[in-house]
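Engineer: Sharing a structure, written as structure tokens. Questions coming.
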Amino acid sequence: MPFFYYPPPARPVLVGVCGRNRDRVKAFAEKYGYKRTFDKWQDLVKDPDVDLLDICTPPYLHAEPSILAFESGKHVLCEKPLARTAEEALKMLRAAEKSGLKHMTGFNYRFIPAVSYAHKLIEEGFVGRILNFRGAYLNIEVGDLGYLNPEFPLDWHFRSETAGYGAISDLGTHIIDIARFLVGEVASVAGATATFIKERPLPEFPDKKGKVEVEDSAVAAMKFENGALGTIETSWMAPGRKDFLRFEVNGSEGSVRFNLERINELEIFSLKDPNERRGFRDILTTSGGHPLMDKYWVEQGGGFGWDHAFVNEIHHFVDCIAYDRKIEPAGATFLDGYKNCLMMDAIVKSAEEERWVNVGS
Ligand SMILES: NC(=O)c1ccc[n+]([C@@H]2O[C@H](COP(=O)([O-])OP(=O)(O)OC[C@H]3O[C@@H](n4cnc5c(N)ncnc54)[C@H](O)[C@@H]3O)[C@@H](O)[C@H]2O)c1
């Protein structure tokens, strides 16, 4: 069945892809239809045919390519976390603003219909005045034991120079973005962090061990600027949790809650329901009429998958470039990426100093 849009969706061409291993990059390019391959990211960024750079490297390699891209007249979609620290993110934000080009941070979970619908309901006043936010992002990274395996090598995730932070940068950054997306700015935080496995084998010398420099788990209490209170928790060592991003927002008139492991559903509760019928209702958010579902074959409420959030994210970014639309609030800009880094910095500082810390702006 044909689909018709007005204006028509922008159709980007995959110009080039870069990686360090020439053969693997060539195989990748052939598989996905990229025209050119590069083994130096600077050459890809400067290619005159490239209009939009999608940065998927580890956090230590987000700032330099972004800044060079803006200086070379290219729009940038950069993976989360935007940078290792707020100081680094601010340089990226300044370069983005100076360029006048479009910029987006890869907070793909905003592009899940249930999350987008929660945002819409809250904006429309469904929960009333927001009182509490509760969020968690827990999983067990890669494989059976994942990072619980003490022999898992000390790759870039475990070094502050390459990752910034640990579970907070990897997972917590997403739940921080959702807290800001749904509730608003956070004024101050009180955090605690823990590193459960303190040494791991060095990838280059497996007989030797190196120090783990980042946290495996973190918790934080938050005071929002609008007076709401919140908590967040993150861990990459939570057996049984495969991709457990959970949030609940309680307001004066109702609540919404979501679990990424049930990606198609949003649970809603309204105090306006008659007393005897009160309870959380499960809304299947992948039917027609729900946000972001106009581009899918939805007559039967067919399911939506984790990877579709990336499809929606890139579709949104390309459309915003092609038709000069605003990235936010549907998408997160570099300003959101910077504010997210301010939150991460504040949580870690608060944990180190064992006190409440203002997030700043
Ligand atoms: N939004 C999400 O849900 C999500 C999910 C996973 C990862 N991420 C983010 O994506 C980024 C990468 O994470 P990952 O898990 O894919 O890491 P990874 O280590 O699996 O992949 C990193 C890639 O960067 C390439 N690379 C590294 N140094 C390079 C260099 N000097 N030049 C060219 N290429 C280089 C590597 O070859 C590799 O292909 C991180 O910022 C991570 O937080 C986001």
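The values are calculated or read from the model by the stated rules, or taken from the named source; none is laboratory data. Keep in mind the model is a prediction, meaning the values are calculated, not measured. Methodologically, a virtual Cβ is constructed for each residue, glycine included, from the backbone with ideal geometry; neighbour enumeration extends over all protein chains shown. Heads up: the accessible areas ignore ligands, DNA and RNA and are worked out on the full protein's heavy atoms, side chains in. Shrake-Rupley method; radii C 1.70, N 1.55, O 1.52, S 1.80 Å.
Engineer: Residue by residue, what Karplus-based ³J(HN,Hα) values in Hz, rounded to whole numbers, does the range 133-149 have, using 6.51, -1.76 and 1.60 with θ = phi - 60° and x for Gly and Pro?
Structural biologist: Running phi through 6.51 cos²θ - 1.76 cosθ + 1.60 with θ = phi - 60° gives 10, 10, x, 8, 9, 10, 7, 10, 6, 6, x, 5, 8, x, 6, 5, 6 Hz.
Engineer: Dipole size in debye (nearest 20) for the chain around its Cα centre, Lys and Arg Cβ +1, Asp and Glu Cβ -1?
Structural biologist: 300
Engineer: Any idea which of GLY172, SER72, ASN358 is furthest toward the positive side of the dipole for the chain, if Lys and Arg beta-carbons carry +1 and Asp and Glu beta-carbons -1?
Structural biologist: Result: SER72, furthest along the dipole toward the positive end.
Engineer: Another question, then. Under a 5 Å amide H to amide H cut-off, with H placed in plane at 1.01 Å, what residues pair with ALA332 once short-range neighbours are removed?
Structural biologist: THR105, PHE107
Engineer: Let me ask something else. What is the local net charge at TRP306, summed over the other residues whose Cβ is closer than 11 Å to its Cβ (Lys, Arg +1; Asp, Glu -1)?
Structural biologist: Neighbourhood net charge equals -2.
Engineer: By how many nm would the segment from LEU14 to ASN132 lengthen if fully extended, with 0.36 nm per residue of separation less the alpha-carbon distance?
Structural biologist: Between LEU14 and ASN132, full extension yields an extra 38.1 nm.
Engineer: If I model a spin label at LEU229 and VAL311 as a point 7 Å from the Cα along the Cα→Cβ vector, what separation in nanometres do I get?
Structural biologist: Result for the modelled spin labels: 4.2 nm.
Engineer: Grab the DSSP H runs of the chain that are 4 residues or longer, score each as -39,500 (n - 2.57), total them, divide by all residues and round the 222 nm result to the nearest 500 deg cm²/dmol.
Structural biologist: Per the formula, -8500 deg cm²/dmol.
Engineer: At a Förster radius of 22 Å, what calculated FRET efficiency corresponds to the Cβ-Cβ distance of ALA194 and GLU261, to the nearest 0.05?
Structural biologist: The computed FRET efficiency comes out at 0.40.
Engineer: Among the lysines, select those whose C-alpha is under 16 Å from the C-alpha of LYS91, and discard any that sit fewer than 8 residues away in the same chain.
Structural biologist: Leaving aside lysines fewer than 8 places away in the same chain, those within reach of LYS91 are LYS80, LYS102, LYS339.
Engineer: Enter the accessible area per residue of the chain (Å², integer; probe 1.4 Å; all protein chains in place).
Structural biologist: In whole numbers, the chain has 50 Å² accessible per residue.
Engineer: Still on this structure, I have one more. Label points 7 Å out from Cα along the Cβ direction at GLU97 and ASP282: separation in nm?
Structural biologist: Here the modelled spin labels are 4.6 nm apart.
Engineer: Return the carbon/sulfur percentage of the accessible area of the range 1-112, one whole number, probe 1.4 Å, all protein chains in place.
Structural biologist: Answer for the range 1-112: carbon and sulfur cover 53 percent of the accessible area.
Engineer: Label-point separation (nm) for GLU151 and ALA322, each offset 7 Å from Cα along Cα-to-Cβ?
Structural biologist: The two pseudo-label positions are separated by 5.0 nm.
Engineer: Moving on to the next point. List every residue whose amide H lies under 5 Å from the amide H of ARG36, counting only residues 5 or more places away in sequence or on a different chain, with H placed 1.01 Å from N in the peptide plane.
Structural biologist: GLY16, VAL17
Engineer: I've got another one for you. Using θ = phi - 60° and the Karplus relation 6.51 cos²θ - 1.76 cosθ + 1.60, list the HN-Hα couplings for the range 168-185 in order, rounded to whole Hz, with x at every Gly or Pro.
Structural biologist: Working through the residues one at a time gives 5, 6, 7, 10, x, 4, 5, 6, 4, 4, 5, 4, 5, 5, 8, 10, x, 6 Hz.
Engineer: When the chain is fully extended, how far beyond the present Cα-Cα distance does ASP294 get from LEU202, taking 0.36 nm per residue of separation?
Structural biologist: Roughly 28.3 nm would be gained on extension.
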